[in-house]
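Single-structure report; data block below.
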Amino acid sequence: MPAVQETIDQVRAIDVSEYKYGFETLIESDKAPKGLNEDTVRFISAKKGDPEWMTEWRLDAFRRWQTMREPTWARVDYPPIDFQDAYYYAAPKSSAAPKSLDEIDPAILETYKKLGIPLREQEILAGVAPENRVAVDAVFDSVSVATTFKDELKKAGVIFCSISEAIREHPDLVRKYLGTVVPVTDNFYATLNSAVFTDGSFVYIPEGVRCPMELSTYFRINEKNTGQFERTLIIADKGSYVSYLEGCTAPMRDENQLHAAVVELIALDDAEIKYSTVQNWYPGDAEGRGGIYNFVTKRGDCRGRNAKISWTQVETGSAITWKYPSCILRGDGSRGEFYSIAVSNGMQQVDSGTKMIHLGKNTTSRIISKGISAGRSQNTYRGLVSAHRKATNARNFTNCDSLLIGDKCGAHTVPYIESKTSTAVFEHEATTSKISEDQMFYCLQRGLSEEEATALIVNGFVKDVLQQLPMEFAVEAQKLISISLEGSVG
Amino acid sequence: MAIVTPMKTPAETSLEGAFARLRDTLPGAAAERRAAFARYAERGLPHRRVEEWKYTDLRAALRDAAPLAERPAAVPAGAPDLGAPRFLIANGHVLSAPASLPAGVTAVSLREALTAGHPALSALGDPLAAGNAAVELNTAFMTDGIILTVESGVTVTEPLHLAFVNEGSQPFATAARVLVMVGGGASVTLLETHQGPAGVAYQPNTMVEIVAGDGARVDHARLNGEGDAAIVLSSLSLRLGRETELTSVNGVFGAALSRHQVFATFAGESAKASINGLALLSRTQHADSTLVVDHAEPGGESRELFRTVVDDEAAGVFQGKIIVRQKAQKTDGRMMSGALLLGEASAMYNKPELEIFADDVACAHGATCGALDEDLLFYLMARGLPKPEAEALLLQAFVGEVVETVSNEAMREVLTGRIESWLKARAAR
C-alpha cells in the first residue's frame, strides 16, 4: 500500500530545500596548505602539539593510506574525489587556546546559539532542570572551541575533553585504547582519518561511575573546501555508564565536502555506553548539487563481560552516507543494540546499517532499522550479523523496514546473516505485516478499522525506537517521531 | 596505488586451453560461444571477493578444470523411473528420447538444433544472467541437450522427465543445456533428476531455461542426487509471460559443493511464481542456493521458501534477491529462508536482499537459523519418542513443507525417500 498523506507531509517538511542550518559564519581561519602529503600530516600534528609517537602514528597511517583503494561496494554513486583538492585543517584564527568563553570569537558563539547549542553553563543551569544538563564539546571545523562542565565532571572522575587535549594530558589512556577498535588499517577512510584527524572528543568514565550528565559533541563544518576528520574515543571502565550525543550541521554550498570520522567505543566489564546521533549535515540541493560526503567508521567493542553498547541514529542529512555503527560482542554475556531511522530526500544516497559480531558466549543483539526514501533518493540498509564458532547461545533479532514515497526513489535491503554455531539463534525479518495477531485482534475488537489499528501499532513501535534517543535530541527528532510507517515495504 | 595483475589459477588456464581446443569442434553457435567465453574470461572464475559468490569461492574449490566428457558408448544404468516419458542425458550428451511424446510436445536435441541453426535458438540465453560465470561457461561449452516445445493451449497430462546421469571413474566436466518453450495457455510438468558416481570429483554445469507464454502453467521439480565428491553448478532461467503460473522446487542431497542459481524474470503482468528449495547437508558438504527474482512488470506475485538442514561441518548458503522495477507496481514478493543447524561446526550463510524502486508494493523477507527447538523435542520425548526419532520427526516436518509444494506425486515420493534415508543415515552415525 502507498504511504499515507501524513507521512508524506512530514517527510516534505524536512526535504532538502528546507535545510535550516545552511548559514555560514564569516570568520577568518587558519588553514593548512591545500592538498595532502606527509607535510600536511606533519603540519596538522604540529598544530595539535602532538607528541612524537602520535606524529609517527599519523605518518604510518598516511603511508598505509597511499597504498589503499577507495571502497566501491556500497550502493552509492559519486564522481571520483580529488583528495588533493581540499584543505585538511582549518581553525578559526582567534581560537588559539581560549581559556574561557569570553575569549572565544563572538561569531562562533553566535553560530552555536543559532544552532541551539548551549555553551554557557550558567544559561543552561538557569533554564533547565539539573537532571537534564548536558556537557558539550563544540567542534568548529578542525578544532574544539569549547567544552562545558569540565570541572564538575572532573569531580566525578570523568574525563571529557577534546582528543588533542587528551593526547597531551592523558597519553597513557589514549595510547592504550586508540586504534584498538578501529585499527589504523581498517578501511580507506578510517586510515585517512588516522593520518589527518584534527579534533573530536575523548571520554573516560572510571570504574563504577555513572556519568552525572549527558555528554555531547556538536560538529560544525564552516570553512569552504575543507574536510572534517574527527576522532572520538570513549572508554567506559568496569561498571560505569555514559550516554553520549552527537549532532552535526554544515552550511549550504555547491561543492561537496568530505567528512570522514572514526568513533571508537570501549566498554569493559558490566559497563554501558549509549551513543546517539542526529546527523543533519547539509544534504545538497534538490538537484544534487553540494552536500556532505559522510564516510564514517563507528565501532564499539564490548570488551568485558556483560558490557552493553547501544547505537541510536537519526539520519536525515548528507549527500552521501556510508556508515555502519557496529558492535563487537567479545565479552561473554555482552549486548549490542542498533536503532536507526534514515530519511532520504532529494538526491541523497544512504548506505547505512550495522554489524553485530558475536564472539563471546551468551551474547545478544538487536537491530531495528527504518528507512524512508522520498524524492529521487536511494536508501540502503546493509547489515551483518555473524556468530563465531565459540559464540554459543548467541541471539539476534533484526527488523528492518523501508518505505518509499514517490516512484523515483529506491529502497534496498542487504542483510548478511552468518552463523557458525548451531546454538546461535538468528532471526531476521523485513516486513510490517509482522504485527502480532493478538494486538490486531485486540484493536479490531475495540472498533478500530484494520488500517487504524495497523497505524496505531506501527506508530507505537516506531516511538519505541525513538525513545531510545535522550531527551535532549527529542526536539530535533520531533518531526520524525510521528512519521507513520504505514505502507512500508520490506 | 597498487596495480593488481590477476594470476590465473590452473583451472582457469585449463579452461582457456580447453576452449581454444574445442571451440571449432563444438556444435554450432560459434560466435555466441566466443562472446560468452570472453565475458567469462574478463573476470575469470568467481571468488569470495565477487559479491554474488561471496560464500561460494569457486576459484578456490575448482583446483583444476576437468576435461569435457565424451559421449558414453553404453547407456548408463540407474536413472530413476518416475513413470513418465524420459530423456536420458548422460555426461552432457542425449542418449535416448521417449519413443513417443504426448500430443502437442515436440523435442529436438540441442546438438542437432545447433548444427542446423534451429529457429528456437534465438530464445537461448537470459539477459538477467549475463556475466554469470557458470552460465557463460555453459554457453561456451554446451555439448548437447534438449529443446522442448509445448504448443499453445495444450495441457500435457504426463510429466516429462529429464534424467541427467553422469558416469566415469576419472574427473570429467559436462555442459548440458535445455530450453523449454511453453506456448500461451499451455500446461506442463517437468521433472529433473541428477546423479553420478561416488568418489569422483566430476564437474557438471547444466542450465535449464524455461520460457513460459502468456497464461501458461509450469510445474518444475529438480533432484540433486549427485555423487559425494562432485562440484556441481546448475542454473535455471525462468521467463514468465502475462498471467503465467509457475512453481519450481529444488532438492539438494548430493555433491561435495553445489551451487543452484535461479534467474526469474516477470516479463508479463500479473505472473505468479513460487520458487522453493530444500537441502539436507552433512559431512563437509557445501550447498549454495542463489536466486534473483526480477519483477519487471506490474502485479507479479513471487513466493520463495527455502529450508536447509545442516549437520556435521557442512555449510548452507542462501542468497535471494528480489528486484522490483519502477514499473512493477502492486508487486507482492515474499521470501523466507529457514535453517536448522545440527552440528557444532555447522554453518549457514543467509543473504536475503531486496531492491525496490516502486512505491506501491508489498515485499517481505525473513531469515532464521538456529538449532532444533528444545521445547518441541522435550514434548515429543515426554510422549515416549526416543531422541533420534523425535529429531527425525521435527526435521521431516521442517523440510516436508517444501516437499508438499511439489505437485507430481512420483517426484514427491522420490524426495521423501531421499529425506528418510538421509535421516536414517544420520541416526546410524
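Of all the residues in segment A:176-198, those that are touching an Asp or Glu at 6+ places or on another chain (Cβ under 6 Å) and either open to solvent by 20 Å² or more (accessible area, probe 1.4 Å) or farther than 23 Å from A:PRO283 by Cα (or both) number 2.
Of all residues in segment B:365-396, those satisfying the criterion of being within 33 Å of the chain's Cα centre (by Cα), of a type in the set (A, V, I, L, M) and either within 12 Å of chain A (Cβ to nearest Cβ) or open to solvent by 60 Å² or more (accessible area, probe 1.4 Å) (or both) are B:ALA367, B:ALA371, B:LEU372, B:LEU376, B:LEU393. Return the residues of segment A:51-75 that are away from chain B (no Cβ under 14 Å) and open to solvent by less than 80 Å² (accessible area, probe 1.4 Å); say none if nothing qualifies. Listed by number, the residues that qualify are A:PRO51, A:TRP53, A:MET54, A:THR55, A:GLU56, A:TRP57, A:ARG58, A:LEU59, A:ALA61, A:PHE62. Please verify whether B:GLY333 is small (Gly, Ala, Ser), in contact with a His (Cβ under 8 Å, 6 or more places away or on another chain), part of a strand (DSSP E or B) and farther than 19 Å from B:THR56 by Cα, treating the condition exactly as stated. Yes, satisfied. Against the definition (more than 14 Å from chain B (Cβ to nearest Cβ) and either more than 23 Å from A:ALA166 (Cα to Cα) or at pLDDT below 75 (or both)), how does A:LYS114 come out, yes or no? In short, yes. Just for segment A:370-413: of the residues that are open to solvent by less than 10 Å² (accessible area, probe 1.4 Å) and not in a strand (DSSP E or B), which one is farthest from A:VAL314 (Cα to Cα)? Filtering segment A:370-413 for residues that are open to solvent by less than 10 Å² (accessible area, probe 1.4 Å) and not in a strand (DSSP E or B), the one farthest from A:VAL314 (Cα to Cα) comes out as A:ALA391.
Might you check whether a residue that is more than 29 Å from A:ALA307 (Cβ to Cβ) and in contact with a His (Cβ under 6 Å, 6 or more places away or on another chain) occurs anywhere in segment A:371-386? Within segment A:371-386, one or more residues are more than 29 Å from A:ALA307 (Cβ to Cβ) and in contact with a His (Cβ under 6 Å, 6 or more places away or on another chain). Take the conditions (1) under 18 Å from B:LEU223 (Cα atoms); (2) surrounded by fewer than 23 Cβ atoms within 10 Å (Cβ to Cβ); B:GLY168 misses just one of them, which is (1).
Of the residues B:ALA362, B:ALA315, the single one that is more than 18 Å from A:VAL414 (Cβ to Cβ), at the interface with another protein chain (Cβ under 10 Å from one of its Cβ atoms) and more than 18 Å from the chain's Cα centre (by Cα) is B:ALA362. Can you find a residue that is over 19 Å from A:TYR244 (Cα atoms), in contact with a strand residue (DSSP E or B) (Cβ under 8 Å, 6 or more places away or on another chain) and open to solvent by less than 20 Å² (accessible area, probe 1.4 Å) anywhere in segment A:323-333? Scanning segment A:323-333, I find at least one residue that is over 19 Å from A:TYR244 (Cα atoms), in contact with a strand residue (DSSP E or B) (Cβ under 8 Å, 6 or more places away or on another chain) and open to solvent by less than 20 Å² (accessible area, probe 1.4 Å), so the answer is yes. Only residues that are outside any helix (DSSP H, G or I) and under 24 Å from B:THR157 (Cα atoms) were counted in segment B:395-429, giving 5. Take B:LYS351 and tell me if it is away from chain A (no Cβ under 14 Å) and either in a helix (DSSP H, G or I) or buried (at least 16 other Cβ atoms within 10 Å of the Cβ) (or both). Criteria not met by B:LYS351. Would you pick out the residues in segment B:182-199 that are over 15 Å from B:GLY251 (Cβ atoms) and either open to solvent by 10 Å² or more (accessible area, probe 1.4 Å) or under 16 Å from the mean Cα position of the chain (by Cα) (or both)? B:GLY183, B:GLY184, B:GLY185, B:SER187, B:THR189, B:GLY196, B:PRO197, B:ALA198, B:GLY199 - these are the residues of segment B:182-199 that are over 15 Å from B:GLY251 (Cβ atoms) and either open to solvent by 10 Å² or more (accessible area, probe 1.4 Å) or under 16 Å from the mean Cα position of the chain (by Cα) (or both).
Among the candidates A:GLU214, A:GLU207, A:GLU223, the residue that is open to solvent by 10 Å² or more (accessible area, probe 1.4 Å), within 19 Å of A:LYS155 (Cβ to Cβ) and modelled with pLDDT under 85 is uniquely A:GLU214.
Residues checked against (1) part of a strand (DSSP E or B); (2) at negative phi:
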site: B:GLY299; (1), (2): no, no
site: B:GLN319; (1), (2): yes, yes
site: B:LEU340; (1), (2): yes, yes
site: B:ALA345; (1), (2): no, yes
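The values are calculated or read from the model by the stated rules, or taken from the named source; none is laboratory data. What you see is a predicted model, and the numbers here were worked out from it, not measured in a lab. For neighbour counting, all protein chains shown are included, and Cβ atoms are generated from backbone atoms with ideal geometry for every residue, glycine included. Accessible surface areas use protein heavy atoms only, side chains included; no ligands, DNA or RNA. Shrake-Rupley method; radii C 1.70, N 1.55, O 1.52, S 1.80 Å.
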